[in-house]
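Heads up: the structure comes next, in structure tokens.
The values are calculated or read from the model by the stated rules, or taken from the named source; none is laboratory data. Treat the numbers as computed from the prediction; the structure is a model and nothing was measured. Because the Cβ atoms are built from the backbone with ideal geometry, glycine has one as well, and the counts that use them run over all protein chains shown. The area values use the complete protein model at the heavy-atom level, side chains included, leaving out ligands, DNA and RNA. Shrake-Rupley method; radii C 1.70, N 1.55, O 1.52, S 1.80 Å.
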Amino acid sequence: MTAAIQVNAVEKSFGNVQIIRDLNLSVAKGERHAIIGPNGAGKSTTFNLISGHIKPTSGEIRLNGEVTSGLRPFEINRRGLSRSFQVTNVFARMTVWENVRCAVLWATGHRYAFWKNTDSLPEVKQRTAQILDDIHLSHRRDVPAGLLTYAEQRELEIGITIAGGASVIMLDEPTAGMSHAETERAVALIRRLTEGRTLVIVEHDMSVVFGLADRISVLVYGHIIASGTPEEIRGNPKVKEAYLGEEVD
Amino acid sequence: MTNAPTPSLAAAKQESGGALGFYGVWLLAAIALVVLPLIFSSGGSLTSFSLIGIAIIFALSYNILLGQTGLLSFGHAVQYGLGGFLAVHVMNAVASHNWPIPLPVIPLVGGIGGMAFALLVGWVMTKRAGTVFAMISLGIGELVASSSLILRSVFGGESGITTDRTSLMPLFGWTFGPQIQVYYLIAFWVLVSAIAMYALTRTPLGRICNAVRDNPERVEFIGYDPHVVRYLAYMFAGFFAGIAGGLTAINFEIANSAYLGAMQSGFVLFSTFIGGTAYFFGPILGAILVTYLQLGLTNVTSVWQLYFGVIFIGIVMFAPGGIAGILMKHRPLIRAGTLGTVIPSYLVAAIPTLAFALGIILAIETVARFSGGDPINLLGIPFVATAPTTWAAAAVLVVGGFLIARITWRRVAEAWDRAATVARDRGYLA
Ligand SMILES: Nc1ncnc2c1ncn2[C@@H]1O[C@H](COP(=O)(O)OP(=O)(O)OP(=O)(O)O)[C@@H](O)[C@H]1O
Ligand SMILES: [Mg+2]
């Protein structure tokens, strides 16, 4: 079976600083894959590379077997990959409802249509309402996204990411800055919403990582030093030395 | 897909609630357009209404760029002017060949002209938003305006190209000679264009335009190419600007290089911004006010442009949301029933503010008429520009008005905070 995401020998330099070195990563379809690593290891850069936000200096990235390195983000998105951002990246002046609805439009085939009334597209309306329900923001639907609380914005960020129904979902630190209770709720949400899809998640909270992931990759200085099941990663001496230290027993 | 509980239907219900009010508004607008010239029937007001109508279409088309898509153009008059020129050429061709095309169709020709130009240059222009787009639009504006003076056969040089709107076939006995018939033709196109542009904002493209305005980066990650979105918006804006240009050509029976120029581009930016870009009706208010002021002020003062500048700076500094922004800010208070607690403070603030404004006017006119000109007449009181008493009066009004106004506006802000807190408690304000 072809992997959902396949990263082959990707390198990325900004100027003459090499951030990503010989990156190899394989995420199977339907897998929940966590990427962990210290601050500045290149996790978000890896997300940017896979989602087309930046282009690799060399190497190749495949989505469901098709080469996507070199494609623009919207082209990759149309092929079924959707990502969220570590720093909330929503449509600030638009309402919560509009934010989610815009993320639904392409996937429901309405594209650049200028001859249809958005309000009278039943499947768009239903899907938007469904997503708002899922992310617990129905009661805030008419509030401009810029006025939401931090935790609500993080939930909206997830909502926008999953709204298009992409088969591969990438979440960059979705629970960062959340309280314990909020994190628990968000993880339950992520677990439910990505059921049957492929999930790649960057997360610093180890209890979240080990509770959620089928497989874990450890990124250190732009290179994946280990990839495996939670048990394998826990027992890997290289990982212990390089990253986990005392955090995992 | 997930199998979550059924979506909340409360959300869906709210969506369709405004349909009746929606059609009601357009019906009212149509009635207003029909009866307006019956109430104010003088030739002067007919001319004014015609110009205001055209300005409304033009400003709304500009807001497709500025308010809806976040594109600041300094050259929107290019599409307007080219639409006007194409309309004139087509009118002349129709007349000389006796083609069976009536005048009311001509604005559409203008629209096609504006859109065709946007189609041609738009792809390169809309690659980037922000400063790059603004600069290119300025460059294209200058380029077209200056070539219009060089290419005499197309643009008629300094004097422009004239036409005769009555030379086309009459429609139901209407020759469109009298201004009243031209007014109704314009009114028809105002209504049609406004409805079309409003409808455009409700389409998937229109919604995504807003998303591109707010965050073009994120748009790329929900499947859209912001470049294509901007390009399409630019074409629609060009189309409606061209309609406005075509109507102008019909109204004045001429198209000249002034239509394409920086003045005209500045005028539409000005109207749109003063009216308010965040709401659909903002540019309509702006077009009405600015056109009306322009027509009115030119009769009473020689430095009317200076007043425009002052108004513009005032709006940018104190009410960046424009008139529409000011109005809509009060909506939650009205709904919460707390507007009444703010109004007294407004009335108090109005007095020193008015004094300050009069002082500014007196100062400007004193300078403008110092070395000759008619005596100043302010609220029926005559002032002599060279008299020190006039200068003193101006100084007292400006300084005193400003100082007192500052205090009273602080009071307004306090009253506002109280009213807003109540509105928030009652759930009308986020
Ligand atoms: N566009 C860029 N230009 C230059 N350097 C960059 C750029 N983007 C990222 N970097 C650098 O690459 C390194 C990796 O950054 P990245 O954001 O991928 O780390 P991360 O693993 O996501 O860290 P964190 O856990 O803090 O989010 C950092 O040193 C960062 O400064
Ligand atoms: Mg990061």
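With 0.36 nm allotted per residue and the present C-alpha distance subtracted, the B:Leu171-B:Leu151 stretch has 3.8 nm of extension available. When all protein chains stay in place and ligands, DNA and RNA are ignored, the 1.4 Å accessible-area order of B:Tyr198, B:Tyr183, B:Tyr23, B:Tyr307, largest first, is B:Tyr23, B:Tyr198, B:Tyr307, B:Tyr183. Between the stretch B:53-70 and the stretch A:194-236, the C-alpha centres lie 51 angstrom from each other.
Residues of the stretch A:69-115 that bury at least 50 Å² of accessible area once all protein chains are present, compared with their chain alone (1.4 Å probe, heavy atoms only, ligands and nucleic acids left out), are A:Phe74, A:Asn89, A:Phe91, A:Arg93, A:Met94, A:Cys102, A:Tyr112, A:Phe114. The solvent-accessible area of B:Leu143, taken with every protein chain present and a 1.4 Å probe, is close to 110 Å². Across B:Ser73, A:Ser13, the residue with the most accessible area heads the list, and the full order at a 1.4 Å probe is A:Ser13, B:Ser73. Considering only A:Ser82, A:Val17, A:Val27, the residue lying farthest towards the positive end of the dipole of the stretch A:1-106 is A:Ser82, judged by Cα position with unit charges set on Cβ. Computed on protein heavy atoms with a 1.4 Å probe, the accessible areas place B:Arg128, A:Arg234, A:Arg141 in the order B:Arg128, A:Arg234, A:Arg141, largest first.
Surface calculation, 1.4 Å probe, protein heavy atoms: A:Ser69 sits at approximately 40 Å² accessible.
Remark: the stretch B:330-425 carries 61 Å² of accessible area per residue (probe radius 1.4 Å; ligands, DNA and RNA excluded). Taking the protein heavy atoms of the protein assembly as shown in the context of the full set of protein chains, the accessible area attributed to carbon and sulfur is 65 percent at 1.4 Å. Note on B:His227: accessible area is roughly 20 Å² with a 1.4 Å probe, heavy atoms of protein only. Within the listed set B:Gly400, B:Gly139, B:Gly282, the residue fluctuating most in the Gaussian network model of chain B (springs between alpha-carbon atoms under 10 angstrom) is B:Gly400. Mean sequence separation of contacting Cα pairs (under 8 Å, at least six apart), scaled by the length of chain B, corresponds to a relative contact order of 22 percent. With one equal scatterer per alpha carbon and no solvent term, the Debye-computed log10 I(q)/I(0) for the stretch B:18-112 at 0.18, 0.24 1/Å reads -1.10, -1.15.
Centre-to-centre, using Cα atoms only, the stretch B:158-182 and the stretch B:310-364 are separated by 43 Å.
Chains A and B together bury roughly 4000 Å² of accessible area, counting both sides, with a 1.4 Å probe on protein heavy atoms only.
For the options B:Leu293, B:Leu232, B:Leu65, a Gaussian network treatment of chain B with springs between C-alpha atoms closer than 10 Å singles out B:Leu293 as fluctuating the most.
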